[in-house]
Amino acid sequence: MRHEYSLALRVSIALILLLLPVDIFYLLLLKPTLYASAFFLGSYNPIMTADSLIINNIALKFIPACIASLAYLLLILLILLTKDLSFKKSFGLFLLGSLIIFAANIIRIDALIYVYFEYGRDLFNQLHLFIWDILSSVFVASMWIFFVYIFNIKSIPVYNDLIALYRMAKR
């Protein structure tokens, strides 16, 4: 497929994803996240509801941010906006990246719940904000850098497409 058609398709898909509510990921991943978290928190005897885990009569509600919806969106946008990735490689990157995000998110959720019940709400709030504000963005960026190295990705998202468009326009 010619570059301009590939670019138009990739950008169109990216724009559609940006226009959809991020809650799409939330709806798809809420139940698996609840089940996985409950499984690993078995010693606390969690009770699962539609969108919460109840432990010791305290409801821990899972909102879209708890599911890491934006991390999945950022990953797919990085993949879509990277020039010269085949469909197969893009799909593999998204699948592997999603599994890594999911596993890291379950570890994060369970660790935070452990901190909440073992060390109190104050430490939980501080740790939760630190992870949300700093570590989550660094995690996805680090994962992308790892993928670039492991999968030998030569293109820089957006930049290489802009360079290619500039060169085409000069012709």
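None of the figures in this text is laboratory data; all of them are computed from the coordinates on show. Computed from a predicted model, the values in this text were never measured in an experiment. When we count neighbours, we look across all protein chains shown, and the Cβ atoms used for this are built from the backbone with ideal geometry, even at glycine.
Kindly state, to the nearest 0.05, the FRET efficiency for PHE130 paired with ILE58, given R0 = 25 Å and r defined as their beta-carbon distance. Don't skip to the answer; put the middle values down first.
Numbers: r = 22 Å, r/R0 = 0.86.
E between PHE130 and ILE58, to the nearest 0.05, is 0.70.
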TODO: About the Cα centre of the stretch 1-89, how large is the charge dipole given +1 on each Lys and Arg Cβ and -1 on each Asp and Glu Cβ? Please answer in debye to the nearest 20.
DONE: 260
Open item on the list: About the Cα centre, and with charges only on the beta carbon of Lys, Arg (+1) and Asp, Glu (-1), how big is the dipole of the stretch 22-171? Nearest 20 debye, please.
Closed with: 820
Open item on the list: Explain nothing, just the number: relative contact order of the chain, from Cα pairs under 8 Å at least 6 residues apart, as a whole percent.
Closed with: 24
Task: Compactness of the stretch 40-171, expressed as Rg and Dmax over alpha-carbon positions, Å - done: 19.2, 68
Open item on the list: Between LEU27, LEU73, LEU81, where does the largest GNM mean-square fluctuation fall for the chain, given springs only between Cα atoms within less than 10 Å?
Closed with: LEU27
TODO: Give the total of Lys-Lys pairs in the chain with Cα-Cα distances below 26 Å; include a pair only if its members are 8 or more places apart or on different chains.
DONE: 6
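Counting only Cα atoms, I'd like the Rg/Rh figure for the stretch 1-118, Kirkwood definition for Rh. Before the final figure, lay out each step's value.
On the way: Rg = 17.4 Å, Rh = 15.9 Å.
Ratio of gyration radius to Kirkwood radius for the stretch 1-118: 1.10.
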